[in-house]
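Since the structure comes first, as structure tokens, the remarks are kept for the end.
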Amino acid sequence: MNECRQAIEIKGLTKTYGKNRGVSQISLSVPEGDIFGFLGPNGAGKSTTIRCMLGMLHFQNGEIKLLSMNVEKQSREILQKVGYMPSEAMFYPSMKVKDVIRFAAQARNRNCEREAARICERLEVDREKRISELSLGNRKKVSIVCAMQHKPKLLILDEPTSGLDPLMQEAFFQLILESHAEGTTVFLSSHVLSEVKRYCQNAAIIREGKLIKVDSVENLLKSGVRRVKVWKDGREEVFSYSGEIRNLIKQLDQQQVDDVLIEELSMEELFLHYYETEGQR
């Protein structure tokens, strides 16, 4: 039986900023061909982890490999095979879009004109405009082109849809799915739970610089936690319950309730549940 190859391998990653928290003891593996979600609110450590993954930040402890290459020793080789879309989408304001895209290709010693033109057409990118003339959404589209034009084996996306309107978000994810179908591994860092639920196969949840859960999205949604609404004597009570349903029914029967409604939690409620329960440990 062939061992599954890993696109991302992180072992014991720790990064601090002086006395301030960064990330602590992050260990994570993402198999090749996965669309992997990296969930957490702003400030949880998502961007710090990604910047360490790309060799943009020095980290105190741990080891990181992308496509079996060590990020501290093989950064030049990694650049050729990895695409990165940062959350900020910052470029030199005076540069034209076409020059930014060309510069990103030249950094990899690649001629990507044909693929860049195709993506620009799909995303309606005006290559003749200067960066200073662009809205955040249009700068994000330029960032998408820069990340994808060299057809990377691994695509790392940091909050990619912020600033994009709903129609452009749909077009963006269609590009991602097409790239994935051709063999690209996708690492999607986001705080938008619906994106992860819709597109990702597996996911990790990060809280205050530490991983609190890594599992398939399907299993994350099957946490066993349910929302229970109980009506008794004209009053309504709502609470979360994890455990055997038969035990819950027995408890409710003893309380002689008038009516009960048991529902699955939404993705947002599950996320809060993981945060609250893990934070109490």
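When each of Asp233, Asp215 is scored by the number of other beta-carbon atoms lying within 10 Å, the sequence from fewest to most is Asp233, Asp215. Need one word for the stretch 1-131: rounded, prolate or oblate. Basis is the Cα gyration tensor (sqrt eigenvalues a ≥ b ≥ c); a/c below 1.5 gives rounded, then a/b vs b/c decides. Prolate is the answer for the stretch 1-131, as a/c is 1.5 or above and a/b outweighs b/c. With both labels modelled 7 Å from their Cα along Cα-to-Cβ, the Arg227 to Arg198 distance reads 2.0 nm. Between Ser68 and Ser240, the simple label model (points 7 Å from Cα in the Cβ direction) yields a spacing of 4.2 nm.
Seen against the Cα atoms of the chain and their longest principal axis, helix 113-123 is set at about 40 degrees.
The phi torsions of the stretch 186-195, fed into the Karplus equation with coefficients 6.51, -1.76 and 1.60 and a -60° offset, translate into couplings of 10, 10, 10, 8, 7, 10, 8, 5, 5, 5 Hz, rounded to whole numbers, with Gly and Pro shown as x. For the listed peptides 108-119, 154-165, 191-202, a ranking on the average number of other beta carbons within 10 Å per residue, highest first, reads 154-165, 191-202, 108-119.
Mind jotting down the distance between the C-alpha centroids of the stretch 43-74 and the stretch 186-236, whole Å? Here the answer is 26 Å between Cα centres.
Go through the stretch 74-141 and name the chymotrypsin sites (Phe, Trp or Tyr not before Pro) that are in a DSSP coil and have 11 or fewer other Cβ atoms within 10 Å of their Cβ.
Details: sites: Tyr84, Phe91, Phe103; in loops: Phe91.
Sites meeting the loop and neighbour criteria: none at all.
When the Cα centres of the stretch 97-133 and the stretch 8-40 are compared, how far apart do they sit, in Å? Between the Cα centre of the stretch 97-133 and that of the stretch 8-40, the gap is 30 Å. Of the trypsin sites (Lys or Arg not before Pro) found in the stretch 28-74, those in coil by DSSP whose Cβ has at most 11 other Cβ atoms within 10 Å are Lys73.
All of the numbers you see were taken from the coordinates with simple rules; none came from a lab. The structure presented is a predicted model; accordingly, all values stated were derived computationally and were not measured. Here Cβ is always computed from backbone atoms with ideal geometry, including for glycine, and neighbour counts include all displayed protein chains.
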